[in-house]
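**Student:** I'd like to ask you about the structure that follows.
Every number here is computed from the coordinates shown, using simple stated rules; none is lab data. No experiment lies behind these values; they were computed from the predicted model shown. FYI the Cβ positions are ideal-geometry reconstructions off the backbone, even for glycines, and counts take in every protein chain you see.
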């Protein structure tokens with residue numbers, strides 16, 4: 001099954017929007033912003049300066065994941081659905097911003113679903129009965145484990161308050177890049 005060309009563009013745009021969004025939004029904060037300790041969500045919170053920058057970036061990332069999921073036809077449907085749900089949850093993270101100086105249940109719920117789905121979708125990649133399996137299990141299973149481990153590190157950082165921003169950026173960044181890596185592997189194997 002050939003991949004539509006748009007999957008390359010949507011999967012490449014997601015990490016650009018995410019990293020570009022958090023970089024620009026942090027630079028626009030009047031009092032400065034500590035990316036090692038403060039979360040991405042703080043950049044889109046109701047009291048953030050020019051919060052629209054990070055809000056638009058999150059919406060764009062979520063839409064990119066949805067478009068990529070639609071085009072990843074060689075990947076099993078459960079993985080595509082999970083990637084798509086992760087995209088929808090990312091849009092909901094933007095739709096339910098953190099209130100000034102706190103957090104909200106809808107925001108936390110959307111973020112939890114997004115992080116979980118975007119970490120686990122690679123583990124469901126295999127299309128039943130497809131031979132040869134591309135990308136191979138030796139790539140996709142470790143990818144899911146690494147993504148899940150990064151989410152676990154972020155969860156521990158949230159609980160301890162140590163380097164929360166760094167842990168979140170590592171997890172979210174890796175999750176934004178993995179769809180692109182998958183598309184590139186599938187395109188390469190199709191040649």
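**Student:** Mind checking the angle between helix 137-160 and the chain's longest principal axis? C-alpha axes, 0 to 90 degrees, to the nearest 10.
**Tutor:** Roughly 10 degrees, rounded to the nearest 10.
**Student:** Sequence gap at least 6, Cα distance under 8 Å: using those rules, report the relative contact order of the chain to the nearest whole percent. All intermediate terms of the calculation are to be shown ahead of the outcome.
**Tutor:** On the way: 299 pairs, mean separation 52.6, N = 191.
Worked out over the chain, it gives 28 percent.
**Student:** Additional query: Which order, highest average first, do 167-174, 96-103 follow once you tally other Cβ atoms within 10 Å for each residue and take the mean per peptide? Mind showing how you got there, number by number?
**Tutor:** Numbers: 167-174: 21.1, 96-103: 14.4.
Going from most to least packed, we get 167-174, 96-103.
**Student:** Let me ask something else. Within 10 Å of each residue's Cβ, count the other Cβ atoms and sort 37, 107 from fewest upward.
**Tutor:** Details: 37 14, 107 21.
Ascending Cβ contact count within 10 Å gives the list 37, 107.
**Student:** Compute the distance from the alpha-carbon center of segment 147-191 to that of segment 50-126, in whole Å.
**Tutor:** 13
**Student:** Continuing with this model, one more query. What is the angle, in °, between the Cα long axis of helix 5-27 and the longest principal axis of the Cα atoms in the chain? Nearest 10 is fine, range 0 to 90.
**Tutor:** Once rounded, the angle reads 20 degrees.
**Student:** Please compute one quarter of the surface area of the Cα convex hull for segment 31-140 and express it in square nanometres.
**Tutor:** 7.8
**Student:** A follow-up question, please. Taking Cα atoms, how many degrees apart are the long axis of helix 52-71 and the longest axis of the chain, rounded to 10 and kept between 0 and 90?
**Tutor:** So the helix axis and the longest Cα principal axis differ by about 10 degrees.
**Student:** Just order 79-92, 58-71 by mean Cβ neighbour count inside 10 Å, highest at the front, would you?
**Tutor:** On the way: 79-92: 21.8, 58-71: 23.3.
In decreasing order of mean packing, 79-92, 58-71 become 58-71, 79-92.
**Student:** Please provide three numbers in whole Å: the alpha-carbon extents of segment 1-95 along the principal axes, with the largest listed first.
**Tutor:** 51, 21, 20
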